[in-house]
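Asker: Got a structure here, written out as structure tokens. Questions coming.
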Amino acid sequence: MGGVADDEPPSKRVKVYPVELRGILNGQTSSELASCSSSGSMARPLPSQGDDEVVGSKALVKKTEFIRIIAEALYSLGYKSTCDLLEEESGIPFRSSELTTFMQQIHDGQWDESVETLHKLVDDSEVKLASFIILEHKFFKLLSEEDFKDALKTLRTQIASLSIKNDRVRELSSCIVYPQQHIGGKPASDLRLKSPSELLEELQRLLPPSVMIPEKRLVHLVEQALHLQQDSCRYHNSLVTEMTLLLDHQCGRDRIPSQTTQILSGHTGEVWNLQFSYGGRYLASSSSDNSVLIWEVKLDGEVVIKHKLTGHQKPVIYLAWSPRDHQILTCESENCIRRWEISTGECRCIYAKTGCVFISCEWAPNGKSIYSGATDKSISMWDLEGNELESWKGQRTIKTSDLGISSDGKQIVTVCNETVISLVEWETKVERLIEEDQVDDDSNLEGVRLEAGGYRNIEESAKLEAKYKGLKRSRFIVRSCFGGLEQSFVYVWHRASGELIRTLAGHSGSVNCVRWNPANPHMLASASDDHTIRIWGLNKVKLHTNRWVHSNGVCCNGNT
């Protein structure tokens, strides 16, 4: 990495990479369910029911399916009479008579009859799976009533004869002899019987959608369309409440924060790192001047200084807010980690380890412990009193230069070096490595921050989601949040397409870090070698043409 040795002390200058099933039953009584038969007197089915007829300019939407999902939407919203009227006028039934009968039988607990009706609805392969669910429910119902004789009969003559799920059948058989036998992780005697709505919801996943329309299908299609519009919107940066069904969604260029609304000049050295609190009320900044500043974001968007945290003997390279935003961790280059109380600005604890050089830190999701990353390849877990609880070293880790914890606290994600990300199962200490392809040119940003650059989806399997181009690589630290880069500019990309959509000029020195306010999509903060922090907002507020100075910095007219 530009000739920098792995044992070089960390600094800013070394890149350390860092139902209820309302749509089915909707609270109906048995009589209501029976009265809503789609083949009743209200519906006049046409010979073909319009199966081949399409609507829409692109001829993609089948009329019959369209009418049925509209009817399902009306029904799930409680407009039963309107649903019946739609069936009558269109001649297209919402549900077949067989399906209505089947649902009524489930509602009334007529298990054997419902299995018989299944044969009229689906193919034999689907009948077996659905019948197993129904008969298993019947089996547990009989067990709950202590009718062991009929439960055994159901198991032998009905469930076992399906010849599927043999392991499950053996588990069920042991329930009769050993009631404490665990089924699905719970004792059989503790299993709660499903309600008719819950049972129908489970069965719905097995039945073809042409037989039983998925619950709230129309709402799902509309949400899907809105999400696609969001993804294709070049400048999308709007709140969900600002979207409408009445027009196609399209954000203008002015929705991206591009105007400097404040210049914060509280530091006397290069500003290396920034971090908004989770609630967006506070902004923390760290600098080569060995200090950390805590800024408060007022309701009107003005950012003012709250505390100056002093005590570090060397530059502070890493910041981490507690889950409830009441405390913050600050990591000092080569020395220690400190925990601070935000309300008072007091240092509550110092974490140090002989011979260990810390370069990253993070809170456990429950806020009861913290983790540290060091240059000796180790990850350590500490309690809040400063006692080291566990320590682990990876096989190929060079430096734990950036660190993140999964929401359940079970996985630790670290950036080991320029091209390797490590995923560690903390309980088992099993490590899995994700390796990036070596980049030959100097125009790509990859994996330099856990949340940015070439970012990855690691919920199920690790895969590269996107790569963002436009940066000239060098050996400085880059801390980005889908928008911030080194050089004296701030870059904003479209997350899905990777397109560079804005370049924000203003800083006179290299931009080291950019953070987006999690509570305000129209506020960005950037930190620079020019000793300042810039707050960026929408280009729509007319501020005074004359600058005026606060104790926290300078508020400008957006032209600087």
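The values are calculated or read from the model by the stated rules, or taken from the named source; none is laboratory data. All of these numbers come straight from a predicted model, not from anything done at the bench. All Cβ positions, glycine included, derive from the backbone under ideal geometry; neighbour counts span all protein chains shown. In case anyone asks, the SASA skips ligands and DNA or RNA and just uses the protein heavy atoms, side chains included. Shrake-Rupley method; radii C 1.70, N 1.55, O 1.52, S 1.80 Å.
Asker: Inside region 134-151, can you point out the residues that are part of a helix (DSSP H, G or I) and surrounded by fewer than 16 Cβ atoms within 10 Å (Cβ to Cβ)?
Answerer: Those that are part of a helix (DSSP H, G or I) and surrounded by fewer than 16 Cβ atoms within 10 Å (Cβ to Cβ): Ser144, Phe148, Lys149, Asp150.
Asker: Being outside any loop (DSSP other than H, G, I, E, B), surrounded by fewer than 22 Cβ atoms within 10 Å (Cβ to Cβ) and under 24 Å from the mean Cα position of the chain (by Cα) is the filter here; which residues of region 248-274 pass it?
Answerer: Within region 248-274, just Arg255 meets the criteria.
Asker: Same structure, new question: Being open to solvent by less than 20 Å² (accessible area, probe 1.4 Å) and assigned to a loop (DSSP other than H, G, I, E, B) is the filter here; which residues of region 99-128 pass it?
Answerer: Within region 99-128, just Val122 meets the criteria.
Asker: When residues of region 215-233 are filtered for being within 20 Å of Pro518 (Cα to Cα) and charged (D, E, K, R), how many remain?
Answerer: Residues in region 215-233 being within 20 Å of Pro518 (Cα to Cα) and charged (D, E, K, R): 1 in total.
Asker: Condition first: open to solvent by 10 Å² or more (accessible area, probe 1.4 Å), among the β-branched types (Val, Ile, Thr) and closer than 30 Å to Asn539 by Cα. Can you find one or more residues in region 310-327 that meet it?
Answerer: There is no residue in region 310-327 that is open to solvent by 10 Å² or more (accessible area, probe 1.4 Å), among the β-branched types (Val, Ile, Thr) and closer than 30 Å to Asn539 by Cα.
Okay, residues lined up against (1) hydrophobic (A, V, I, L, M, F, W, C); (2) surrounded by 22 or more Cβ atoms within 10 Å (Cβ to Cβ); (3) over 18 Å from Gly252 (Cβ atoms):
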{"position": "Gly498", "(1), (2), (3)": "no, no, yes"}
{"position": "Thr503", "(1), (2), (3)": "no, no, no"}
{"position": "Val511", "(1), (2), (3)": "yes, yes, yes"}
{"position": "Arg515", "(1), (2), (3)": "no, yes, yes"}
{"position": "Pro518", "(1), (2), (3)": "no, no, yes"}
{"position": "Leu524", "(1), (2), (3)": "yes, yes, no"}
{"position": "Ala527", "(1), (2), (3)": "yes, yes, yes"}
{"position": "His531", "(1), (2), (3)": "no, no, yes"}
{"position": "Gly537", "(1), (2), (3)": "no, no, no"}
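Asker: Six or more apart or on different chains, Cβ atoms under 8 Å: show the pairs whose first residue is in region 216-238 and under 30 Å from Ser258 (Cβ atoms) and open to solvent by 40 Å² or more (accessible area, probe 1.4 Å) and whose second is assigned to a helix (DSSP H, G or I) and of a type in the set (Lys, Arg).
Answerer: That search, which allows pairs on different chains as well, returns His236/Arg255.
Asker: Would you mind telling me which numbered condition in (1) within 22 Å of Glu425 (Cα to Cα); (2) open to solvent by 60 Å² or more (accessible area, probe 1.4 Å) Ser360 fails?
Answerer: Only one criterion in (1) within 22 Å of Glu425 (Cα to Cα); (2) open to solvent by 60 Å² or more (accessible area, probe 1.4 Å) is unmet by Ser360, namely (2).
Asker: If you go through region 363-386 one residue at a time, how many are open to solvent by 10 Å² or more (accessible area, probe 1.4 Å), within 16 Å of Cys336 (Cβ to Cβ) and among the aliphatic types (A, V, I, L, M)?
Answerer: Residues in region 363-386 being open to solvent by 10 Å² or more (accessible area, probe 1.4 Å), within 16 Å of Cys336 (Cβ to Cβ) and among the aliphatic types (A, V, I, L, M): 1 in total.
Asker: Does Glu341 satisfy being over 19 Å from Leu433 (Cα atoms), charged (D, E, K, R), open to solvent by 10 Å² or more (accessible area, probe 1.4 Å) and modelled with pLDDT under 85?
Answerer: Spelling it out, it is not the case that Glu341 is over 19 Å from Leu433 (Cα atoms), charged (D, E, K, R), open to solvent by 10 Å² or more (accessible area, probe 1.4 Å) and modelled with pLDDT under 85.
Asker: Here's another thing I want to ask about it. State all residues of region 359-372 that are part of a loop (DSSP other than H, G, I, E, B) and small (Gly, Ala, Ser); if no residue qualifies, say none.
Answerer: Once the filter is applied, which keeps residues that are part of a loop (DSSP other than H, G, I, E, B) and small (Gly, Ala, Ser), region 359-372 yields Ala364, Gly367.
Asker: Okay, moving on. If I ask for residues that are open to solvent by less than 10 Å² (accessible area, probe 1.4 Å) and farther than 20 Å from Gln259 by Cα, which ones from region 278-303 would you list?
Answerer: Scanning region 278-303 gives Ala284, Ser285, Ser286, Ser287, Ser291, Val292, Leu293, Ile294.
Asker: Now for a separate question. Any residue in region 130-145 that is of a type in the set (D, E, K, R) sitting within a Cβ distance under 6 Å of a residue that is open to solvent by less than 10 Å² (accessible area, probe 1.4 Å)? List the pairs, counting only those 6 or more apart or interchain.
Answerer: Lys138/Thr154
Asker: Do you know which residues across region 348-357 are of a type in the set (Val, Ile, Thr) and open to solvent by 60 Å² or more (accessible area, probe 1.4 Å)?
Answerer: Within region 348-357, Ile350, Thr354 meet the criteria.
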